[in-house]
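One structure is given below, encoded as structure tokens.
Bear in mind these aren't lab numbers, they're just calculated from the coordinates by the rules spelled out. Bear in mind the structure is a predicted one, so any value in this text is a computation, not a measurement. Counting neighbours? That spans all protein chains shown, and the Cβs are built from the backbone with ideal geometry, glycine included.
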């Protein structure tokens, strides 16, 4: 989507704020012994209280309101009766619509105690995201956003997942540009225009560089059980400083006591 009016921007800001609140409320609630189904219910309540509709459920009939992925599950984790354990790495991915506008956001946290590598993966994934967002200005090619993510991962001894990407968003959950890769992939890259709406996300891996789909048709895991940390914001491209729509109440993702 390319924003065409102030109405578009205000509509995107509203849904951006809602998905950020849902993400952060779920993150705050995550604790030992809680099921991922209980976490999903918290997200559902936030979305519905604000009039928003879960995008994965409404667009793809996903078996949950939010994607909640644990440990070597990288994306599209189905909420279940699985109980969170100490040291579990949890990715919370929230996307929803309101009045015809969509926003998408995600974050990863660890149930304490946190291992050094887990903490470092989170630090690098966040850093890569914000460095990539800073490049989302008019005239930039989308492959340059991926180049920044890849360089940040390599500099810190990590890898990136090559078959999961960011994407355009706004009037639907997935729009052009179809793929914003986590590396310098010129194939399919486009030049960003002022007002482009993007879901930029980082997939920083401790080793594996691709994911595999499992028999349920949704769950994406790493083949060697390597952990991957994802962070995601919905942003609007401008001539100078991109507008981040999914910051939530603060200036960054909620970070639990660790």
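Look at 83, 241 and count the other Cβ atoms within 10 Å of each Cβ; fewest to most, that gives 241, 83.
Were the residues from residue 10 through residue 81 laid out at 0.36 nm apart, the gain over their Cα-Cα distance would be 21.8 nm. Our helix-only sum for the chain, with -39,500 (n - 2.57) per DSSP H run of n ≥ 4 divided by its residues, gives a mean residue ellipticity at 222 nm of -9500 deg cm²/dmol. Spin-label pair residue 116-residue 156: with each label point 7 Å from Cα along the Cα-Cβ axis, the two points sit 1.5 nm from one another.
So what is log10(I(q)/I(0)) for the chain at q = 0.12, 0.15 1/Å, when the Debye sum runs over its Cα atoms only? Result of the Debye calculation: -0.63, -1.02. The mean of 1/r over all distinct Cα pairs in segment 37-166, once inverted, gives the Kirkwood hydrodynamic radius of 16.3 Å.
Full extension of the chain segment joining residue 32 with residue 176 gains 47.9 nm, where the gain is 0.36 nm per residue of separation less the Cα-Cα distance. What shape does segment 130-171 take by its C-alpha gyration tensor, where a ≥ b ≥ c are the square roots of the eigenvalues and a/c under 1.5 counts as rounded, a/b above b/c as prolate, and the rest as oblate? Since a/c reaches 1.5 but b/c is at least a/b, the shape of segment 130-171 is classed as oblate.
Per-residue packing, averaged as other Cβ atoms within 10 Å, sorts the ranges 21-28, 86-93, 197-204, 117-124 into the order 197-204, 21-28, 86-93, 117-124, beginning with the highest. Classify segment 172-258: rounded, prolate or oblate, from the alpha-carbon gyration tensor (a ≥ b ≥ c, eigenvalue square roots; a/c under 1.5 rounded; otherwise prolate if a/b is larger than b/c)? Here segment 172-258 falls in the oblate category.
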